[in-house]
Amino acid sequence: MAATRADLFAFLDRLGIAHRTIEHPPLPTVEAAMAIWGGMTGGFAKNLFVKDKKSRLFLITLRKDASLDLKHVQAAIGASGRVSFCSAEQLMEHLGVLPGSVTPLGVLNDTAGTVTVVLERALLELDPVHVHPLENTATTAVSAEGLVTFLRATGHEPLIVDLPLLA
């Protein structure tokens, strides 16, 4: 059974990671979120859950306004061949979230450690980092350092890279 938002917050609290959450209507896309996030500071994340030709899974987290070059991302993340998006079923199976709620915090549910987490270096330079807390009806702010600490505590050493972006 997938972790709940309460489970997530309890885990962050046990790790001593400060977090602040605001409630809002469902925000399935970054575009929809901008009406809520407009006056907030920090880095706002968008997330892509993809697989490579060998079915290895990658969760790519980058700045909301960055356009990832999917044709060339494989070299930056160590994927075998081009990547493609995972299905909703794979998303629920590995991260315990629905489409529109993808978040790096979802690796709390990846107890098998099958997902490689990729963080855009430029996102981590923006503090705090804003992500969904397993649901798209809230946004949680954590420090960039706190996010990395969380990922490591779940057994997911993040790959922090400069991602190829579209011009």
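Could you list, in sequence order, the residues of the range 89-120 that are under 18 Å from Lys54 (Cβ atoms) and among the acidic types (Asp, Glu)?
Within the range 89-120, Glu93, Asp110 meet the criteria.
Of the residues Glu93, Glu89, Glu135, which is of a type outside the set (S, T, N, Q), open to solvent by 40 Å² or more (accessible area, probe 1.4 Å), more than 28 Å from Ala167 (Cβ to Cβ) and within 13 Å of the chain's Cα centre (by Cα)?
Glu135
Could you tell me which residue of the range 6-57 is nearest to Arg152 (Cα to Cα), considering only residues that are of a type in the set (Asp, Glu) and in contact (Cβ under 8 Å) with a residue 40 or more places away in the chain?
Ranking the qualifying residues of the range 6-57, first place goes to Asp7.
Name every residue in the range 35-64 that is part of a strand (DSSP E or B) and either in contact with a Cys (Cβ under 7 Å, 6 or more places away or on another chain) or hydrophobic (A, V, I, L, M, F, W, C) (or both), in order of residue number.
Phe44, Ala45, Leu48, Phe49, Val50, Lys51, Leu57, Phe58, Leu59, Ile60, Leu62
Cβ-Cβ below 6 Å, separation at least six or inter-chain, first residue in the range 108-128 and of a type in the set (A, V, I, L, M), second assigned to a loop (DSSP other than H, G, I, E, B): which pairs?
Pairs that qualify, where the first residue is of a type in the set (A, V, I, L, M) and the partner is assigned to a loop (DSSP other than H, G, I, E, B), are Leu108/Ala3; Leu108/Thr154; Val117/His156; Val117/Pro158; Leu119/Pro158; Leu126/Gly42.
Residue check, Val142 against (1) crowded, with 23+ Cβ neighbours inside 10 Å; (2) among the aliphatic types (A, V, I, L, M); (3) under 11 Å from the mean Cα position of the chain (by Cα), all met but one. Which one?
Here Val142 clears every test but (3).
Of (1) closer than 16 Å to Leu57 by Cα; (2) open to solvent by less than 20 Å² (accessible area, probe 1.4 Å); (3) within 14 Å of the chain's Cα centre (by Cα), Ile77 satisfies all except one. Which?
With respect to (1) closer than 16 Å to Leu57 by Cα; (2) open to solvent by less than 20 Å² (accessible area, probe 1.4 Å); (3) within 14 Å of the chain's Cα centre (by Cα), Ile77 is out only on (3).
When you go through (1) within 22 Å of Glu145 (Cβ to Cβ); (2) in contact with a strand residue (DSSP E or B) (Cβ under 6 Å, 6 or more places away or on another chain) one by one for Gly106, which number turns out not to apply?
Evaluating Gly106 over (1) within 22 Å of Glu145 (Cβ to Cβ); (2) in contact with a strand residue (DSSP E or B) (Cβ under 6 Å, 6 or more places away or on another chain) leaves (2) as the failure.
Filter the range 59-94 for residues that are within 27 Å of Thr41 (Cα to Cα), touching a helix residue (DSSP H, G or I) at 6+ places or on another chain (Cβ under 7 Å) and either free of Cβ contacts under 8 Å to residues at least 60 places away in the same chain or not aliphatic (A, V, I, L, M) (or both) and give the result.
Across the range 59-94, the qualifying residues are Leu59, Thr61, Arg63, Lys64.
Among the residues of the range 108-136, what is the count of those that are assigned to a loop (DSSP other than H, G, I, E, B) and within 16 Å of Asp7 (Cβ to Cβ)?
6
The values are calculated or read from the model by the stated rules, or taken from the named source; none is laboratory data. Every value quoted in this text rests on a predicted model; they were computed, and no experiment measured them. Neighbour counts run over all protein chains shown; Cβ positions are idealised from the backbone, glycine included. Ligands, DNA and RNA are stripped out before the accessible areas are found, and what is left, the full protein with its side chains, is counted by its heavy atoms. Shrake-Rupley method; radii C 1.70, N 1.55, O 1.52, S 1.80 Å.
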